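Written below as structure tokens is the structure these notes are about.
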Amino acid sequence: MAAAGRVLVYGGRGALGSQCVRYFKSRNWWVASIDLAENEDANANVVVGATESFPEQAEQVTAEVGKLLGEEKVDAILCVAGGWAGGSAKAKSLYKNCDLMWKQSVWTSTISSHLATKHLKEGGLLTLTGAQAALSGSPGMIAYGMAKGAVHQLCQSLAGANSGLPSGSAAVAVLPVTLDTPANRKSMPDADFGSWTPLEFIAETFYDWVAGKNRPNSGSLIQVITTGGKTELVAAHL
């Protein structure tokens, strides 16, 4: 049976990425994962080489995705790579955390954006992962806020004329507060899980947007706010 659609999931081995791979696969989509390790559930994998050089990593991923796809276009590229680090400007770990956050959020989002210019269908969808906390100052997590703020700016830039994205396509950033992942539950066992967003909600939302259902305008920053187990999507107006 022919695939219903084709999607690249950048960060496809992480908690949210794995959920997206499973969700789209269950709907008969061809799914490729891009990550530091393979996701066995995916139809295809591009394994990212660990390096301290951004151009080196970007060129490697770009070349391997090009080899994998050839002339085939994809309906969506979902960049769900990322991570979190705390610390103020005084923290001993500031430099290390800035480096890590830049690699996890900005490198991946930049590569995903360039891949979209090459491999996304006209009318396709690129999603990036920002953070609600980065809509304002984040003194207790300087590195995280800076990196996510850069992702927000990138998303807005991609919506402009001559950004390089295909005709009719959209770049949309999701800005979660806290995602309900095993790692977050382990590190915050006493938190109010009713205010955490289920991963399946994000995957379902992406699926709807790819299909054109309630898709926000390109450049939108969409806050994902969960209260009492109920999740809402709220556009941020800067």
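The values are calculated or read from the model by the stated rules, or taken from the named source; none is laboratory data. Everything quoted here is computed from the prediction, not taken from an experiment. Don't worry about glycine lacking a Cβ; one is built from the backbone with ideal geometry, like all the others, and counts go over all protein chains shown. Heavy atoms of the whole protein, side chains included, go into the accessibility calculation; ligands, DNA and RNA do not. Shrake-Rupley method; radii C 1.70, N 1.55, O 1.52, S 1.80 Å.
The residues in the stretch 4-21 that are open to solvent by 40 Å² or more (accessible area, probe 1.4 Å) and either without any contact (Cβ under 8 Å) to a residue 40 or more places away in the chain or of a type in the set (Phe, Trp, Tyr) (or both) can be counted, and the count is 2. Take the stretch 22-37 and flag every residue that is open to solvent by 40 Å² or more (accessible area, probe 1.4 Å), touching a residue at least 12 places away in the same chain (Cβ under 8 Å) and among the polar types (S, T, N, Q). Matches in the stretch 22-37: ASN28 only. Of the residues HIS114, HIS119, the single one that is touching a residue at least 40 places away in the same chain (Cβ under 8 Å), touching a strand residue (DSSP E or B) at 6+ places or on another chain (Cβ under 6 Å) and more than 12 Å from GLY11 (Cβ to Cβ) is HIS119. Would the stretch 59-72 turn up any residue that is closer than 21 Å to LEU125 by Cβ, touching a residue at least 24 places away in the same chain (Cβ under 8 Å), under 15 Å from the mean Cα position of the chain (by Cα) and open to solvent by 30 Å² or more (accessible area, probe 1.4 Å)? No: zero hits.
Taking the conditions (1) under 20 Å from SER169 (Cβ atoms); (2) out of contact with any helix residue (DSSP H, G or I) (no Cβ under 8 Å at 6 or more places or on another chain); (3) among the hydrophobic types (A, V, I, L, M, F, W, C) in turn, ALA63 satisfies each one other than (1).
Sort out which residues of the stretch 179-207 are outside any loop (DSSP other than H, G, I, E, B), closer than 18 Å to GLY83 by Cβ and either open to solvent by 70 Å² or more (accessible area, probe 1.4 Å) or hydrophobic (A, V, I, L, M, F, W, C) (or both), and write them in order of number. LEU179, PRO182, ALA183, ARG185, LYS186, SER187, LEU199, ILE202, listed by residue number.
Looking at this structure, is ALA150 touching a residue at least 60 places away in the same chain (Cβ under 8 Å) and of a type outside the set (Lys, Arg)? Here the answer is no, as ALA150 does not meet what is asked. Here the condition is being modelled with pLDDT under 95, within 23 Å of TRP209 (Cα to Cα), among the small types (Gly, Ala, Ser) and within 19 Å of the chain's Cα centre (by Cα); of GLY82, GLY130, it holds for GLY82 alone. If you go through the stretch 186-193 one residue at a time, do you hit one that is small (Gly, Ala, Ser) and within 28 Å of LYS121 (Cβ to Cβ)? Checked the stretch 186-193: no residue is small (Gly, Ala, Ser) and within 28 Å of LYS121 (Cβ to Cβ).
For the stretch 142-158, the set of residues classified as over 16 Å from GLN104 (Cβ atoms) and open to solvent by less than 40 Å² (accessible area, probe 1.4 Å) consists of CYS155, LEU158, listed by residue number.
Going by what's in this entry, would SER88 be described as in contact with a Pro (Cβ under 7 Å, 6 or more places away or on another chain) and loosely packed, with under 15 Cβ neighbours inside 10 Å? Spelling it out, SER88 is indeed in contact with a Pro (Cβ under 7 Å, 6 or more places away or on another chain) and loosely packed, with under 15 Cβ neighbours inside 10 Å. The residues of the stretch 4-21 that are outside any strand (DSSP E or B) and basic (Lys, Arg) amount to a single one, ARG13.
Candidates in the stretch 213-238 are the residues that are among the charged types (D, E, K, R) and part of a loop (DSSP other than H, G, I, E, B); of these, the one that is most open to solvent (accessible area, probe 1.4 Å) is LYS213. When the residues of the stretch 114-141 are narrowed to those that are among the hydroxyl-bearing types (Ser, Thr, Tyr) and either out of contact with any Gly (no Cβ under 8 Å at 6 or more places or on another chain) or loosely packed, with under 15 Cβ neighbours inside 10 Å (or both), which ends up nearest to CYS155 (Cα to Cα)? Filtering the stretch 114-141 for residues that are among the hydroxyl-bearing types (Ser, Thr, Tyr) and either out of contact with any Gly (no Cβ under 8 Å at 6 or more places or on another chain) or loosely packed, with under 15 Cβ neighbours inside 10 Å (or both), the one nearest to CYS155 (Cα to Cα) comes out as THR127.
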